[in-house]
Structure formats: C-alpha cells, structure tokens
Amino acid sequence: MTVHEPRPGNALTRFLASGSAGGVALALATVLALVASNSTWSDAYADFQGTSATVAIGRWLVLEKPLVIWINDLWMAIFFLLVGLEIKREWLVGELSSRSQALLPAVAAIGGMAVPALIYAALNHGDEDALRGWAIPSATDIAFALGIVLLLGKRVPTSLRVFLTAVAVIDDLGAILLIAVFYTHGVSLPMLGAAGLGTLVLVALNRAGVERVDVYVVVGLAIWVCVLKSGVHATLAGVITALAIPLRSSGGGSPLQRLEHALHPWVSFLVLPMFAFMNAGVSLAGVSFGTLLEGVPLGIALGLVLGKTLGIYGSSWLLFRRGIADLPAGASRRQFVGICTLCGIGFTMSLFIGGLAFEGFDDDYATRLRLGVLGGSLIAGTLGTFILLGGRTKTAP
C-alpha cells in the first residue's frame, strides 16, 4: 500500500506557526524568573526550586529529587524526544533528506558550534574549572530564534526560515553528542547495559512493524530510568526512543508525525517555559559591570554573539565561494548575516549544557552562566533583528 506522507513543507509550516507563540511563552517565563529571584519573592522562588518530589514503585524503585532536577532530567527528556522526532523526520523526508539540501546547513552548523567554543576556550584558557563550559555557547534556541523570524513576517524569505530550522536541528544533534561524550561521569556499566537492552527492544519493535506509539513510550520510560541510574544524562533516552518510532504506518499515516504534532504544544507552552522559569532566575545582588567581563560570562556572550555569526557565515561563505552551495533563494547577503546572528540566541540549550558543565560547582558559576547566556542571547536577538529589518528580500527573476 502506498503511504502518502504529509509534505515536509506542511509539517514545517505547522512547526513554524507554533514557534512565535512558544518564543513569547519562553520570554514571559524568563522575565518571571528574573523578577522572582530579584524581589521579596526570592526565598519562595528558591524553596519552589528545591521542593522535593518522590516517585516510588514499591521498594524496587525510589526516585527522590528536587523539582528543578525533575524538570531538568525528566521534562527535558520530553523535549529531547521531540528533538529526536524532528531530526529523524528532517533526515528521512524533510529539508535534510538529500546531500544537496543538507550540505549548507550541516557545514554552517559545524562552524557555528566550533567557533563559539574556541572563543570561550581562548578567554578561559587559564581556568581549568571554567573551561568545562566550553560547549555552552555552541547551541541555538530554536523557539526564540524562530519566534523572532515569524514576528518579522515577510521581511524574512521562507528559504531563510528553512535554513535556520535546519541549522538548529543539526545544532541540537551536536548538543546531544556533546552531552553524551563530554558531560557523562561515573558510568554504571550494569545500568548502561540495561539501557542497551531496552534500546534493542525498541529496535525489535520497529522491525516487527509495531505502530502503537504508547508501546515505544513505555519502553522509553524504562530506558530513561536505566540511563538516569547509569550516570549518562537521562534526557538522551528521549532521543533513543524517538529514533525507534516508525515514520510510516500500514494505514498510510505517520506515527512519528502524529506524536511530533501532539508533543509540540506541550513542549512549547509547558516544558520549555517551566525549564526557563526554574533555570533562568539569577540574583543581580552584588553583580557589577566587572562581573560581566569575567571569563565565563564574557566567553559565553562573545561566543553566542560573535562566534555564532562568524562560524555560521564564515563556513557558509567558503561553500559559496567555491560554488558548492548557493545563498538561500530570495535572500540578500545582509539577511543571511541577520539569520546567522539570530542563531546566537542560545538560551534553553545553553542553560542546559551549562547546568551539566558546572554541576556541583558553587553558585558563582551558576550566576555567571546565566548572565552570559541571557546577555549574549539578548544581544544576538536584538542585533539579528535590526540586521533583518534593514535587509531587502530579493525578487525572483
């Protein structure tokens, strides 16, 4: 039976349609966190973050964690499940499904991850602890960046929206690999082995043609527990589960896309805003201009603003100059630079990676992390918006 998949353009359009509102929700959650942490509500905010919650299945499984950890470990696994679904769809039937389509955003994303990391490392080369955060400015926050692009409307060609989405998807894949390789400590081989068995079960379900998404989710939850206990960051279980869910079904639909569309509003309006609220709060008491010029915040901010722009534009320029790729259709050079700059909005993923990098460190590192991420993302978003407002869309010949 022939499977009629929804066109990637339609799926992308629906995704973009929720991006603007999701970006607004993220912004509101961030503002609330900053207000709460710098007002008479600061103690209540800290107590809320530390509220203990326990999940127990008899005596076999007892998980007791502060609320902020539940959100960072479990709720963000839902976000990574969605990211995994998007990556799989784009690679199989979307904007990354052919070599020619994937080459420009792939090379751009690699440059956009490498240059910010180098800038951060250069500014913190004498501080071994601070160097742990080298990957923080490598990520792009797709919700904020796409939210701005959508608010600009027709000033930004569709081709640049597609480019931004593809770069962000590859960025997320890179972030997943960085977390797995560099931010995993004290691995428990038995639990990692159990997670591996769970992964084999997912593969077997896929090969057997099982189309019920809930079956994959139940196995994914078991893998999440095993990964959590193994020492590898538990959110990776979300990606593993996503990659096993079938794209096509015998009835002509797509289990993967059904789950993707079902998750989008929950991730956009609950998971990511709650993550932002729990992690973006930073007390400005005692913070001076000199604090902003210290290695960690300055390295993050410059990495996001300067590193992302130079890395993405520079690597793309090499492809343009050699005739390997072309500027996205209908876009001017200035608009392309504006999109590269918007990719410097790191926010959610940067905070997430920073939390892993400085886990167990004192509050000074957490403060500098948030100052760098918030400041760099704000500057990148503002600068990219002004560049795009001044650009003109090319008309087709």
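Values quoted throughout were computed directly from the atomic coordinates according to the rules given, and no laboratory measurement underlies them. What you are looking at is a predicted structure, and each value in this text was computed from that prediction instead of being measured. Ideal geometry is used to build each Cβ from the backbone, glycine not excepted, and the neighbour counts take in all protein chains shown.
With contacts taken as Cα pairs under 8 Å at a separation of at least 6 residues, the chain carries a relative contact order of 28 percent. Here the extension length gained between VAL35 and ASP363 equals 116.2 nm, from 0.36 nm per residue of separation less the Cα-Cα distance.
For GLU64 and ARG322, what does the FRET efficiency come to when R0 = 41 Å and r is the distance between their Cβ atoms, rounded to the nearest 0.05? Efficiency for this residue pair is about 0.15. Here the spin labels are modelled as points 7 Å beyond Cα on the Cα-Cβ line, and at HIS261 and SER100 they lie 3.0 nm apart.
Just so you know, the Rg over Rh for region 265-397 is 1.06, from Cα atoms, with Rh as the Kirkwood radius. From helices alone, the chain scores -21500 deg cm²/dmol at 222 nm; the rule is -39500 (n - 2.57) for each run of n ≥ 4 DSSP H residues, then divide by the residue total. Only alpha carbons enter this Debye calculation for region 172-309, each as an equal point scatterer, and the log10 of I(q)/I(0) it gives at q = 0.10, 0.14, 0.18 Å⁻¹ is -0.51, -0.86, -1.13. Helices of the chain meeting both criteria, an alpha-carbon length of 30 angstrom or more along the long axis and an average Kyte-Doolittle score not below -0.5, with helices taken as full DSSP H segments, are 8-37, 99-123, 158-182, 363-389.
Given their separation in residues at 0.36 nm each and the Cα-Cα distance between them, LEU247 and LEU131 gain 37.8 nm when the chain is fully extended. What FRET efficiency do you get for VAL210 and THR382 if R0 is 51 Å and r is their Cβ-Cβ distance, rounded to the nearest 0.05? After rounding, the FRET efficiency stands at 0.60.
Summing Cβ point charges (Lys, Arg +1; Asp, Glu -1) relative to the Cα centre of the chain gives a dipole of roughly 1600 debye.
The fraction of all Cα pairs in region 74-222 landing in successive 10 Å bins from 0 to the largest distance is 9, 29, 32, 23, 6, 0, given as whole percents. The Cα center of region 60-120 and the Cα center of region 166-228 differ in position by 13 Å.
In plain terms, the residue of ARG89, ARG161, ARG99 with the fewest other Cβ atoms within 10 Å comes first and the most crowded comes last, giving ARG99, ARG161, ARG89. Given their separation in residues at 0.36 nm each and the Cα-Cα distance between them, LEU389 and ARG333 gain 18.9 nm when the chain is fully extended. Simple rule: put +1 on each Lys or Arg Cβ and -1 on each Asp or Glu Cβ in the chain, find the dipole, and look at GLY111, SER254, ALA366; the Cα lying farthest toward the positive end is SER254. The per residue volume of the convex hull around the alpha-carbon atoms of the chain is 147 Å³.
Placing a pseudo-label 7 Å from each Cα along the Cα-to-Cβ vector at LEU292 and ALA21 gives an inter-label distance of 3.5 nm.
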